[in-house]
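Before any comments, here is the structure.
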Amino acid sequence: MRKGVIDPKIDWFDMPRPTEVRDYIYEILMYLVGVHAEVSAIAKSLLERTLTTLIIETVNEALECFKQIKKFGMGGMLRATLEIEFMHQTLVQYVNESANWTLKEVYTTISKAFTRRPGAEENLQRELDGVKQTLYDTRRITAIEFKCFRRPKDKTTSSRSSAADRESTATT
């Protein structure tokens, strides 16, 4: 988290609107995919507790890092929000009340440090719409990579609908 947020080369105030999620977020998520695979193979009963604990630590680290950023311009605020929201939506099944509270604090910290450029014509709604599209596209593109974080479908519901489908096909 630190290398993606506290990097001295990053100017959070003078940054264009994001068009992608940066690599450090993918690295965090792929690490968690590895943990998911290992724990599932060894002790599936510990999976939720393990991932929830790691996510709490990750979002606490995110909060501490973003607190160190003194001010965000429009692009920086949108980038930070996009990356945290992408991580949040991807891991939502394992985000408990504590992690959710910390994520709200991260969003508040970013929002409070947002500073509009004097005289700049920034259309917040247009910029947000662009970031929402980037978030949607990124979630769609990475759906298979992060499928392990999705809530499993109820097997009884899908079994019933499959049986019903077979019956209706057989009777026609």
Complete set of residues in the range 68-119 that are surrounded by fewer than 17 Cβ atoms within 10 Å (Cβ to Cβ), closer than 16 Å to I56 by Cβ and in contact with a Leu (Cβ under 9 Å, 6 or more places away or on another chain): Q93, E105
Looking only at the range 9-33, and only at residues there that are outside any loop (DSSP other than H, G, I, E, B), β-branched (V, I, T) and in contact (Cβ under 8 Å) with a residue 60 or more places away in the chain, the one that is nearest to L54 (Cα to Cα): V33
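With respect to E145, determine if the residue is surrounded by 12 or more Cβ atoms within 10 Å (Cβ to Cβ), over 20 Å from E20 (Cα atoms) and modelled with pLDDT of 95 or more.
The answer is no for E145.
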Single condition E38 does not satisfy, out of (1) within 25 Å of N96 (Cα to Cα); (2) surrounded by 13 or more Cβ atoms within 10 Å (Cβ to Cβ): (2)
Residue match in the range 131-145 (condition: small (G, A, S) and assigned to a helix (DSSP H, G or I)): no
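The values are calculated or read from the model by the stated rules, or taken from the named source; none is laboratory data. This structure is a prediction, so every number in the text was calculated from the model and none was measured. Positions of Cβ are generated from backbone atoms using ideal geometry, with glycine treated the same way; all protein chains shown enter the neighbour counts.
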